[in-house]
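So the structure is just underneath, and the comments pick up after that.
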Amino acid sequence: WQIYHYDLEPMSSFFGVMHAAELVHIQFNQATGELEVINNLPEPLAGAVAHLSIFNPDGVLAAQKDLPVNAPASSVADLGPVQFPATVTNLNFLKLELHDDQGKLVSNNFYWHKLANPDDLTGLNNLPAVTLNAQALSADSSGTRTITVTLTNPSKDIALMAHLQLRRKSGDRVLPVYYSDNYVSLTPGESKTITIQADTSQFNGEDGVVVVDGWNVSVAPASFTGVSIAPNLEAMPENSPDTGFAVATTGLRN
C-alpha cells in the first residue's frame with residue numbers, strides 16, 4: 001500500500017501530525033501518555049522495533065529508547081507510558097519511528113508536547129528560524145512527471161512542519177498533484193525525501209518549481225534540471241497583516 005496526500009492538509013491532531021490511513025501506525029496517545037502501535041493488517045506484526053526520541057526546543061536530544069513490538073492482527077499494541085527524564089523541558093518534541101523485523105521504516109510520527117499547561121503552545125513562537133537545504137530530481141515517464149525532493153536540516157534546531165507545494169515556473173500551482181508526504185518535521189541533521197507526481201501535461205511545457213514554507217522554516221533556493229526549489233514567501237505571516245495567518249493568494253486556482 002502506498003499512502004498519498006491529494007494536495008490536502010494531512011490529518012492532524014492539535015499537537016502533532018500523523019499520516020492518515022496507515023495500515024500500521026505508531027502514535028503517542030495524548031490522553032493516556034502511552035506509546036501505541038495500531039495494526040490494521042489481517043496478520044500479526046512480529047519482531048518490529050519502535051524508536052522513541054525526545055528533543056528539547058533547542059534541538060538537544062534529551063532521551064531515546066527502543067521498544068520491541070509484537071502486535072496481533074487488527075489490534076492496538078500498548079507499549080507503555082512515555083518516560084520523560086528530568087533533562088526534558090516543559091515544551092518538547094517526540095519523534096516516533098516504527099521499523100519492521102527487516103529494519104524497514106513502516107511508520108513515523110512527530111509531536112510537539114508540553115508536560116504542564118498542554119494547551120499553551122505559544123513557546124513554539126520562539127523556535128529559531130531554520131533554512132533547509134534541498135536536492136531535487138525531475139523525470140517524465142508515460143505522461144507522468146515525478147519530482148523527488150530531499151530536504152535536509154543543516155542546523156542544530158528543530159524544523160517544524162516544513163510544507164511543499166508544486167508550481168509551474170510561471171508561478172501557477174500544478175493541480176491535481178500527489179505527494180508522498182507534504183508536511184515534514186526535521187530534527188538536527190535529518191533528511192527526508194518526498195516524491196511528487198503530476199500529469200506532465202499540467203506543466204504546460206514549463207519546468208516545475210517546488211516552494212517550501214513551514215512554522216519556522218524556509219529553504220535555500222536551488223536549481224536543477226527541470227525543477228527548482230524556492231522559499232514560499234507568500235506563506236510568511238507578515239504577508240497577511242489583516243489576519244496574522246499564513247496565506248498564499250497567487251495561483252490557487254488555474
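Just a few scattered comments:
- Extension gain (nm, one decimal) between A31 and Q102, 0.36 nm per residue minus Cα-Cα: 22.4 nm
- Gain on full extension, evaluated as 0.36 nm per residue between N133 and T87 minus their Cα-Cα distance, stands at 13.6 nm.
- Cβ-defined net charge surrounding N29, 14 Å radius [Lys, Arg +1; Asp, Glu -1]: -3
- Net charge in the neighbourhood of T87 (other residues with Cβ under 15 Å of its Cβ; Lys, Arg +1, Asp, Glu -1) is 0.
- In percent, rounded to a whole number, the relative contact order of region 79-122 is 35, using alpha-carbon pairs under 8 Å and six or more apart.
- Burial order of peptide ranges 121-132, 151-162 (average beta-carbon count within 10 Å, highest first): 151-162, 121-132
- Net lengthening on full extension, D58/T195 (0.36 nm per residue, minus Cα-Cα): 46.4 nm
Here, each number is a calculation from the coordinates, and none is a lab measurement. Quick caveat, the model's predicted, so the values are computed rather than measured. Every residue, glycine among them, receives a Cβ derived from its backbone with ideal geometry; neighbour counts consider all protein chains shown.
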